[in-house]
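One structure below.
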Amino acid sequence: MASPASSPGTTPNTRTVVVLGASYGGARAARVLGQDLPPGWRVVVIDRNSHMNHVYAFPRYSVLPSHAPKGFIPYTHMFKDSSSEASSSSVPSSPPTPPLTPPSGSPGLPALNHTFIQGNITSLSAHRVTFTLPCVRGSYDDLMQPSAASTLRTESVDFDYCIYALGSGMPDPVNVWGEHPNMPPGVAHEKHERGLGTKVGGVRWMERKAKQLKHAERILIVGGGALGIQFATDLKEVYPHKTVTLLHSRPRLLPLYPIEMHTEVLKGLHDVGVEVVLGERVVTWPDEPEILDGRVKVVRTDKGREFEADLVLPCTGQKAHVALMAALAPSTISPVTSRIRVRPTLQVSQGPVRPAPSRATTVERLASLSLHASCTSSSASASSSSAPTDAASTAPTSVDPAEATVTEPDEPDLSHMFAVGDCADTGAIQAGHTAYYQADLAARNVLRLIDAREAADAGRPAPAEELGTYEPSFPAIKVSTGIRRVVTSTKEGVKVSLDGVEDLQSLVMWPLFNAQDLPVDA
């Protein structure tokens, strides 16, 4: 029987850690937790997709869709190793707490077993996450229609700790969720079944995208980041007769990296015949830029120039998925980056991690803004290894003012919540490898908090180990400028190689999900 639901502001005893999102960061957190959680604890992973979307390969697979199945990795074996260990030794025969919502036997999760749930998260409170389950075939097609409200299957899970790893939305040309009528406009809405949130639907999406690209003679790509560069060079190499133009608002490509990166990427673009226009920003977009309908698409720039094309692909940045956290605690969202503020421990921070210095720049002062700047509190040090407690039992703590955070009125304590990856304001670049290492640290910090809590419950001295802290690594990137040519920038410098392959070696990702023994079409 399900236990009574906890109120949003209280601390439950669910012995549950939820991981929201199961991509590059969330999957790593889930694996660490699944292997190392103490007996009686479980990890619940929730993601809207049935398969991990390896988005770095999506531009290539939109041009060469025969490889598309490799870019959708099954979640079915995520806990293959840890679940077998847990069933034999980690989960006691008499659980210390009863199963929580949803009850055992529901479409959600079994009691005290690590599990993955395909669900579209709709709300988040301090200790509860609510999500909508897909229809029987794993797709959200029917449920996303306005008339489907009465048929929604909604479930909730209460938790003690949360790792928020929902990442960011991809630009439309590689956004498999962007085709739905209720999603942002700009791409064709197919009448037949789409399979939203499934591998079948994703592969079909790639095939439709590839057909459009094949039949368009003039393609304009707006945005000179890694996505736009790969799209442009792949298209021109596969279809050398096409006119492919890359339009970028800045005078330099990939400015975060050494100038040699710009030079080598620009050389790769020119070598395959891509027309490159730098330093011009789009001010007027055509209607339905990504629909191949026979009409000429006209783009105008701030320099007064016009560019005509059959298809326009906007590859201009990503938008962090922070709406759930913003609804829970608006003060956690940075006004500068629109990402979730975090402490060095990757715990969610309700306000600036430290106030702006007296000689701060305008950007620094904006970053230190809070919705209620007059309401400050001496929150626990980020390096504390003690478990979160109820507000009523928390004694005031002396904290260095430079390390104080802001706690807004009526906002719950969120020190039991962590944010990683593209949605977290860590100062690191937004990349799969940075999300992976952040999630690893966040998961191990959750384990440290649980160890301290277990010790306190048993009357033992708390472990002396403090929470780990995150320091951004040196920015690194790998960009293909054609099927074979690859440009890499690391701490050692910029290197060009010719060892690229058509499928971008996507199968090397499958072992991270224990899926290495599954067929490609699984």
- Query: Say we look at the stretch 9-30 and pick out the residues that are in contact with a Leu (Cβ under 9 Å, 6 or more places away or on another chain) and at pLDDT below 95; which of these is surrounded by the most Cβ atoms within 10 Å (Cβ to Cβ)?
  - Reply: 14
- Item | Residue in the stretch 323-340 that is of a type in the set (Lys, Arg), crowded, with 19+ Cβ neighbours inside 10 Å and within 28 Å of the chain's Cα centre (by Cα) present | yes
- Note on the structure: Over the stretch 224-244, the set of residues outside any helix (DSSP H, G or I) and either modelled with pLDDT under 95 or open to solvent by 20 Å² or more (accessible area, probe 1.4 Å) (or both) is 225, 239, 240, 241, 243
- Query: Going through the stretch 256-270 one residue at a time, which ones are surrounded by 17 or more Cβ atoms within 10 Å (Cβ to Cβ) and part of a helix (DSSP H, G or I)?
  - Reply: 261, 262, 264, 265, 266, 268, 269
- Message: Only one of 471, 465 is under 21 Å from residue 39 (Cα atoms) and open to solvent by 70 Å² or more (accessible area, probe 1.4 Å). Can you tell me which?
- Response: 465
- State all residues of the stretch 279-291 that are open to solvent by less than 80 Å² (accessible area, probe 1.4 Å), of a type outside the set (S, T, N, Q) and farther than 21 Å from residue 237 by Cα; if no residue qualifies, say none. 279, 280, 282, 286, 289, 291
- Task: State whether the residues of the stretch 403-425 include one that is open to solvent by less than 40 Å² (accessible area, probe 1.4 Å), over 24 Å from residue 337 (Cα atoms) and assigned to a loop (DSSP other than H, G, I, E, B).
- Result: no
- When (1) within 13 Å of residue 346 (Cα to Cα); (2) of a type in the set (Val, Ile, Thr); (3) in contact with a strand residue (DSSP E or B) (Cβ under 9 Å, 6 or more places away or on another chain); (4) part of a loop (DSSP other than H, G, I, E, B) are applied to residue 446, the one that fails is (4)
- Message: Could you go through the stretch 42-58 and let me know if any residue there is open to solvent by less than 10 Å² (accessible area, probe 1.4 Å), assigned to a helix (DSSP H, G or I) and over 23 Å from residue 129 (Cα atoms).
- Response: yes
- Among the candidates 294, 273, 304, which residue alone is at pLDDT 95 or above and surrounded by fewer than 14 Cβ atoms within 10 Å (Cβ to Cβ)? 304
- Message: Here are the criteria: (1) open to solvent by 20 Å² or more (accessible area, probe 1.4 Å); (2) farther than 30 Å from residue 264 by Cα; (3) out of contact with any Phe, Trp or Tyr (no Cβ under 8 Å at 6 or more places or on another chain); (4) assigned to a loop (DSSP other than H, G, I, E, B). Tell me which single one residue 516 does not satisfy.
- Response: (3)
- Task: Starting from the stretch 302-319, take each residue that is closer than 20 Å to residue 209 by Cβ and list its partners that are surrounded by 14 or more Cβ atoms within 10 Å (Cβ to Cβ) and of a type in the set (Phe, Trp, Tyr), counting only C-beta distances under 9 angstrom and pairs at least six apart or across chains.
- Result: 312/285; 313/231; 314/285; 315/231
- Message: I'm trying to understand the selection: among the residues of the stretch 161-202, which are more than 18 Å from the chain's Cα centre (by Cα), at pLDDT 90 or above and closer than 26 Å to residue 317 by Cβ?
- Response: 201
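The values are calculated or read from the model by the stated rules, or taken from the named source; none is laboratory data. It should be emphasised that the depicted structure is a prediction, and the values quoted were computed from it without experimental measurement. No Cβ is skipped: glycine too gets one built from the backbone with ideal geometry, and neighbour counts run over all protein chains shown. The area values use the complete protein model at the heavy-atom level, side chains included, leaving out ligands, DNA and RNA. Shrake-Rupley method; radii C 1.70, N 1.55, O 1.52, S 1.80 Å.
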